[in-house]
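For reference, the structure discussed in these notes is given below.
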Amino acid sequence: MNKFTLLNGLVAPLDRANVDTDAIIPKQFLKSIKRSGFGPNAFDEWRYLDHGEPGMDNSKRILNPDFVLNQPRYQGAQILLARENFGCGSSREHAPWALEDYGFRAIIAPSFADIFFNNCFKNGLLPIRLDAEKVDALFKAVEATPGYRLKVDLERQSISAPDGTVYKFEVEAFRKHCLLNGLDDIGLTLQHVDEIKAFEAKHRAAQPWL
Amino acid sequence: MGAQTLYDKLWNAHVVRQEADGTALIYIDRHLVHEVTSPQAFEGLKLAGRKLWRTASILAVADHNVPTTGRAQGIADPIARLQVETLDSNCAEYGVNEFKMNDVRQGIVHVIGPEQGATLPGMTVVCGDSHTSTHGAFAALAFGIGTSEVEHVMATQCLLMKKSKAMQVVVEGALGKGVTAKDIALAVIGRIGTAGGTGYAIEFAGSTIRSLSMEGRMTLCNMAIEAGARAGMIAADDTTIDYLKGRPFAPQGAAWDQAVAYWRTLHSDDGAQFDATIKLDAAQIKPQVTWGTSPEMVVAVDGRVPDPAAMSDAVKREGAERALRYMGLAANMPITEIKIDKVFIGSCTNARIEDLRAAAAVAKGKHIAANVKLAMVVPGSGLVKQQAEQEGLDKIFVTAGFEWRDPGCSMCLAMNDDRLSPGERCASTSNRNFEGRQGPGGRTHLVSPEMAAAAAIAGHFVDVSVD
């Protein structure tokens, strides 16, 4: 997994609530047996005017000029600014894979759906919860300021805006540690093999039908 | 120890170790696997040279991509076929128990787990699928996970997680005519919103819940995720135990008696504290119909499409305006005047035998309306299909103009060929009405099986609670 430490990134605003994982990566692309290559199909139904299917040459498709991420000023964005309940719906990890492959490294929103939030941390993508009023202020600033960038410092748990405002955010200590160091969860868990085996023996003795 | 919630009991019984920040290593008893979210996990396992920790904990089935007609010819779409074949070969290589496409036990993963008795009270159950919450109907702690976690469970039999908060949803009283578990689920989501349960595990309780069949309880817990809660659950009782007795994966003999004694402890204690409690009066719940592109955009069938202009919250108003444009609906239109093009009866929410019986009872002796281009019934499993055929339900549906299909996820998410065309409007017993969910540009209205069947016959929504 990619480490996440500091990020100074261009911000793109996606101003709608309840963005679901079907919207982030439509189902037809879930037929892939790989975990890479989903970026060109992130937000496929909003992003292109034609219908996308796996295997198409996406560079030849017609972009929807009204979709915010297609605007020239947001090209190269690494921070996605979003609204309430971002990532709701399906558990598909293809959603964070698509966002990461597109180029995003952080998502700022007032709230995230639980499974999506969890999946982000497994993929070096940092989801940041900020109060709705602060997110609202950031939406206004992004829309008013071409080239608007934010600095995200995971170690300090802070976001610095160009006007000098600093927003602090919360992140669980264990997730932060894994993300800062790019640690593989499975490797960490396997350090506790003896404890798992001991638990398993006790658990199965108590419930032998399992 | 003081009074515990059901969630406390299930959680405490599975903590392997606890980190200083509250993150716990939780042991997983049952791992259900399907073709869409597992190939990358098996690949990760292979690349790291790791083994499955406990092969017997896994039950695999292909459901998302499988065709619902012409199955003998195999899967026409080469990409979908490769995904199903990849599941087959991974299961063969690792010795995983898999129900293949033409096995009568094949079906939607959340239908076959309980049907086989592979889901048992007191278990932790995971699957790379958000509707894993379904299995909580058996007093199990069941939740959906991403593919990285699928791999984590395969390699370690554990997951790293923090305990959620506990919410209790209490429903009391008798349900009215034509009102089902689906309507309870939609009414709860309408009340608390699709993010209302975020960060919570929901326990459904109260006399209404206790009187539901296991099928109804599964429908309700299935939709917990649409309220934002990863897990939904219901205490074990006689209904739970009677359902499980004699199922292939359920314990037998002395082990059964020992298991039942434990299962009877799986309820919230008197005086247990919840972080939030929601109360609903069953008598006030009417058949529900969603009007928008989020399950929280729902009203009673005798209501009207809401008017965004009357909404004070700007984000909600814009969301409602966008939803109405997408859905092709006008504000204040009566729900019963909404005409439909297609009907889908199926999905992990509503494709069990009780659902099919309820829909067939409505369709019996009638015919789908002329404006309904397609009405399809997709049983949740091969065994549900077999049972329905033994009861003659297939004939009722076919005579009424419905198509009788083979089991799978089908048009709930439209990964296979079953899908809406742009602009088509569907009465669907599934769980999500997101933009494009049932096909690009498709318009989904979530309803119960009775409501879907009645809409198929009338060609528009009708109130099944009135004669």
What is the packing order of peptides B:457-467, B:80-90, taking the mean over residues of other C-beta atoms within 10 Å and listing the highest first?
B:80-90, B:457-467
Pull up all non-local amide H partners of B:ALA142: gap of 5 or more, or a different chain, and H-to-H distance under 5 Å with H placed in the peptide plane.
B:VAL125, B:GLY136, B:GLY232
Using the Karplus curve 6.51 cos²θ - 1.76 cosθ + 1.60 with θ = phi - 60°, work out ³J(HN,Hα) for each residue of segment B:140-156 in order, rounded to whole Hz, and write x for Gly and Pro.
10, 9, 10, 7, x, 9, x, 5, 4, 6, 4, 5, 4, 5, 4, 7, 10
Among trypsin sites (Lys or Arg not before Pro) in segment B:226-309, those in a DSSP loop whose Cβ has at most 14 other Cβ atoms within 10 Å are B:LYS245
FRET efficiency (B:LYS366, B:ASP269; Cβ distance; R0 45 Å; to 0.05) is 0.40
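Hey, what number do you get for the protein assembly as shown at 222 nm if only DSSP H runs of n ≥ 4 count, each worth -39500 (n - 2.57), divided across all residues, to the nearest 500?
-9000 deg cm²/dmol
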Answer in debye to the nearest 20: the dipole magnitude of the protein assembly as shown about its Cα centre, from +1 Lys/Arg and -1 Asp/Glu charges placed on Cβ, is 480 debye
Distribution of pairwise C-alpha distances over segment B:156-241, 10 Å bins, in %:
17, 49, 26, 6, 1
Stick to the Cα atoms of segment B:11-157, pair each with every other, and give me the Kirkwood hydrodynamic radius in Å at one decimal.
15.8 Å
Principal axis extents for segment B:292-332, Cα atoms only, whole Å, descending order, please.
27, 19, 18
Hey, what D do you get for segment B:352-408 in µm²/s if you plug the Kirkwood alpha-carbon radius into Stokes-Einstein at 4 °C and 1.567 mPa s?
116 µm²/s
With a Förster radius of 22 Å, plug the Cβ-Cβ distance of B:ASP467 and B:ARG304 into 1/(1 + (r/R0)^6) and report the FRET value to the nearest 0.05.
0.50
Viscosity 0.692 mPa s, temperature 37 °C: give me the Stokes-Einstein translational D for segment B:294-381 in µm²/s, with Rh taken as the Kirkwood radius over C-alpha pairs.
212 µm²/s
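Run the dipole for segment B:143-244 about the Cα centre, Lys and Arg Cβ at +1, Asp and Glu Cβ at -1, nothing else charged, and hand back the magnitude in debye, nearest 20.
Numbers: 9 positive and 10 negative charges, 70 e Å.
Result for segment B:143-244 is approximately 340 debye, rounded to the nearest 20.
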Counting only DSSP loop positions in segment B:100-178, the trypsin sites (Lys or Arg not before Pro) whose Cβ has at most 13 other Cβ atoms within 10 Å are B:LYS177
Set of lysines near B:LYS316 by C-alpha distance (under 21 Å), chain-local residues within fewer than 8 positions excluded:
A:LYS134, A:LYS140
Scattering curve values for segment B:395-467, log₁₀ I(q)/I(0), Debye with Cα scatterers, q = 0.11, 0.15, 0.19, 0.25 Å⁻¹:
-0.28, -0.53, -0.83, -1.25
Going by amide H atoms built from the backbone, whose H comes under 5 Å of the H on B:SER268, apart from near neighbours?
B:LEU6
Determine the residues within segment B:149-194 where the difference in accessible area between the chain on its own and the full set of protein chains amounts to at least 20 Å²; count protein heavy atoms only and use a 1.4 Å probe.
B:GLU149, B:GLU151, B:HIS152, B:THR156, B:LEU160, B:LYS162, B:THR194
Quick numbers on segment B:318-464, Rg and Dmax over C-alpha atoms in Å, give 14.5, 50
The computed P(r) of chain B puts the percent of Cα pairs beyond 28 Å at 49 percent
For the protein assembly as shown, would you read off the P(r) tail past 48 Å as a percentage of all alpha carbon pairs?
9 percent
Each label point is 7 Å from the Cα along the Cα-to-Cβ direction; what then is the distance between the points at B:LYS245 and B:GLU19, in nm?
4.5 nm
Hey, what's segment A:14-84 come to in accessible area per residue, 1.4 Å probe, Å²?
40 Å²
Difference of contour (0.36 nm per residue) and Cα-Cα distance, B:ASP417 to B:TRP256:
53.7 nm
Can you give me the relative contact order of segment B:290-441 as a percent, contacts being Cα pairs under 8 Å and 6 or more apart?
27 percent
Selected from A:GLY187, A:GLY124, A:GLY39 as most flexible by GNM, with chain A as the system and alpha-carbon contacts under 10 Å
A:GLY187
One can check that the equivalent ellipsoid of segment B:1-49, built from the alpha-carbon gyration tensor with semi-axes equal to the square roots of five times its eigenvalues, has lengths in Å, largest first, of 31, 15, 8
In terms of Cα to Cα distance under 24 Å, which lysines are near enough to A:LYS34, apart from those fewer than 8 places away along the same chain?
A:LYS3, A:LYS60, A:LYS122, B:LYS46, B:LYS51, B:LYS100
Along each of its three principal axes, how wide is the spread of alpha-carbon positions in segment B:212-371, in whole angstrom units, largest first?
62, 47, 27
List, in order, the whole-Hz ³J(HN,Hα) value for each residue of segment B:49-60 obtained from phi through the Karplus relation with A = 6.51, B = -1.76, C = 1.60 and θ = phi - 60°; use x for Gly and Pro.
x, 9, 10, 6, 5, 9, 4, 5, 7, 9, 10, 10
So the FRET efficiency between B:ASP238 and B:GLN390, C-beta based with R0 = 22 Å and rounded to 0.05, is 0.30
Result: in segment B:138-287 the number of Lys pairs with C-alpha under 23 Å apart, spaced 8 or more or on different chains, is 5
Zone residues, segment A:56-78, relative to A:LEU49, backbone N less than 13 Å from point 7 Å out along Cα-to-Cβ:
A:61-67
Over all alpha-carbon pairs in segment A:46-86, figure out the percentage whose distance exceeds 16 Å.
50 percent
Computed over segment A:77-119, the convex hull of the Cα set has an average projected area, in nm², of 2.6 nm²
D_trans [Stokes-Einstein, Kirkwood Rh over alpha-carbon pairs] for chain A, 4 °C, 1.567 mPa s, µm² s⁻¹
70 µm²/s
What are the ³J(HN,Hα) values, in whole Hz, obtained from phi via the Karplus relation 6.51 cos²θ - 1.76 cosθ + 1.60 with θ = phi - 60°, for each residue of segment B:196-202 in sequence order, with x given for Gly and Pro?
x, x, 4, x, 10, 9, 9
Over chain A, what is the percentage of antiparallel beta bridges among all DSSP beta bridges, to the nearest 5?
50 percent
Semi-axes (Å, rounded, descending) of the ellipsoid equivalent to segment A:29-139 per its C-alpha gyration tensor are 23, 18, 11
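The values are calculated or read from the model by the stated rules, or taken from the named source; none is laboratory data. Bear in mind the structure is a predicted one, so any value in this text is a computation, not a measurement. Glycine also receives a Cβ, built like all others from the backbone with ideal geometry; neighbour counts cover every protein chain displayed. These area figures cover heavy atoms from the full protein model, side chains too; ligands, DNA and RNA do not enter into them. Shrake-Rupley method; radii C 1.70, N 1.55, O 1.52, S 1.80 Å.
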